[in-house]
Amino acid sequence: MKTLHIGIAGAGPAGLAAALMLSRRGHRVELLERFDAASPVGSGLMLQPTGLTVLNTLGLLQPMLALGSRIDRLHGADARSGRTVLDVRYNALASGRFGLAVQRAALFNTLHDAAVAAGLTIRTGVTLTDVRMAGGKAVLVDAEGREAGAYDLVIDASGARSALAAGSSVAPRVRELVYGAFWATLDSDGLHHDRHALMQRYDRAKVMIGILPAGRARAGERERIAFFWSLKVADADAIRQAGLDHWKAGILAYWPDCAPVLDQISDWEQLTLARYAHRTMRRPASGRTVFVGDSAHSTSPQLGQGANMALLDVAALVHALDTSPDLDAALAAYAAARRNHVALFQLLSLLFTPFYQSDSAALAWLRDKLVATVARTPPIRALLASIVSGTLVDPFKPAGLGECDWQAMAVGSDEGGQAVAPAISA
């Protein structure tokens, strides 16, 4: 395919990864970011074998391993009885796969530093509201109705609240989810926790509290954790009005070990309220605009797939552009490559979420009594591990990726809990 002039809406992880991959293929790219300075949004996330494999193709896996914390298991317990109701271990799979917990800032910084080093153009303070076709070009339009640029292809990586996606001919139906979460990135000093596990406590499906070791935002900084507490978004104001002390007391009644974390919170401004929506485009392209990441599909974070799905989207799109004779064929190939994987994990997330965030006492009872028992059997343990790792169906071949040889990595941890590994080949 000829060299393309590509405009990328959004300088988050998906947009930055796309810019890096495409520029290395010889395409001319520009990133357009609505904030005055590109910066990370959010607290912590899990990079799964899928996302880690994409980062490896960019030559950025080693920097991420140096910053993140290796995760070997996801463990959840009933907050009142202490009974284990969730225990997913990556070693249930024979592949040697693992997760890597990172601060969102670490992922952003690693990709952004690489983009700056590559000399990529990042235009900030540009709020995009529309894309129109004119003279065979996709023309981006800003909030003042001015032309922000004309491109052979526009990649929308601007997230779940994308105006470009909402105004497109393939705009998805959006279901705002009732439950969201308060998130904060905090120091781990004095905290008793498993440094290689996502730990959660539940009270039925109405309360979910979590601690995720999240490593460092940059080399030399302190190790931190991501703390989250789920709630109904509509109740957030009432919870704030009741006061921090009341909120903290409720958490400590469930999980006293959280005291060193809660002691660091002195103002509601330290907590970010995350809102979630379930949305999936039937076809992630319209005209000369293609959608990746949350602009194409988003859901609750229960399966921890958001950033990983976005990175897979980017890899699949670049592979389609590499191997297709023209742009129309490339966009069709991209849609086909991601269709099954996206549909499956959107469905799984939709099915799993009510067991952990809902008003249903029946589903919580089923989770704690029946599902927790069945999950201990070897076939189900492996099934759950493949769901969490994002590999229940092969996401690699359709995206033109070769999965990392995890066994050869022999990944361990340094004294600070960060994952360390020798050089890796795909």
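A simple spin-label model places the labels of ASP359 and ALA259 3.6 nm from each other, with each point 7 Å out along Cα-to-Cβ. Note on LYS397: lysines with a C-alpha under 27 Å away, same-chain residues under 8 apart excluded, are LYS2.
Might you report the magnitude of the Cβ-based charge dipole of the chain about its Cα centre, with Lys and Arg at +1 and Asp and Glu at -1, to the nearest 20 debye?
1040 debye
Where the centroid of each part is defined by its Cα atoms, how far is the range 300-339 from the range 82-139 in Å? Between the Cα centres of the range 300-339 and the range 82-139 lies a distance of 13 Å.
How high is the FRET efficiency between LYS232 and THR323 when r is their beta carbon distance and R₀ equals 51 Å, given to the nearest 0.05? Computed FRET efficiency for LYS232 and THR323: 0.65.
For the range 101-249, would you read off the P(r) tail past 22 Å as a percentage of all alpha carbon pairs? Tail of the P(r) past 22 Å holds 63 percent of the pairs. Helices meeting the span-like rule in the chain (full DSSP H runs, Cα extent of at least 30 Å along the helix axis, mean Kyte-Doolittle score of 0.0 or higher): 327-356.
Run the simple label-point estimate for SER169 and ARG240 please: 7 Å along Cα→C-beta, distance reported in nm. According to this spin-label approximation, the distance is 4.2 nm. Subtracting the Cα-Cα distance of ARG283 and ARG339 from 0.36 nm times their residue separation leaves 19.3 nm of extension gain. For the listed peptides 151-159, 37-45, 382-390, a ranking on the average number of other beta carbons within 10 Å per residue, highest first, reads 151-159, 382-390, 37-45. Residue-normalised convex hull volume from the C-alpha trace of the chain: 138 Å³ per residue. Bridgeable lysines around LYS206 (alpha carbons under 18 Å apart, same-chain partners fewer than 8 residues away excluded): LYS232, LYS248, LYS369. Computed over the chain with a Gaussian network model linking Cα atoms closer than 10 Å, the most mobile of LEU347, LEU100, LEU32 is LEU347.
Mean separation of Cα pairs under 8 Å and 6 or more residues apart, divided by the residue count, gives the range 294-413 a relative contact order of 34 percent. Note that the range 201-284 shows a convex hull volume over its alpha carbon atoms of 157 Å³ per residue.
To the nearest whole percent, what portion of all C-alpha pairs in the range 2-161 is separated by more than 25 angstrom? Walk me through the numbers on the way to the answer.
Details: 5422 of 12720 pairs.
Counting pairs separated by more than 25 Å, the tail of P(r) holds 43 percent.
Taking a ≥ b ≥ c as the square roots of the eigenvalues of the alpha-carbon gyration tensor, the range 84-171 is classed prolate because a/c is 1.5 or more and a/b outweighs b/c.
Take the chain and mark each of the GluC sites (Glu not before Pro) that is in a DSSP loop with at most 11 other Cβ atoms within 10 Å; the longest unmarked stretch, sites excluded, is 145-414.
Where a number appears in this text, it was derived from the coordinates with a stated rule and is not lab data. Computed from a prediction, not measured in an experiment: that's the story for all the values here. Methodologically, a virtual Cβ is constructed for each residue, glycine included, from the backbone with ideal geometry; neighbour enumeration extends over all protein chains shown.
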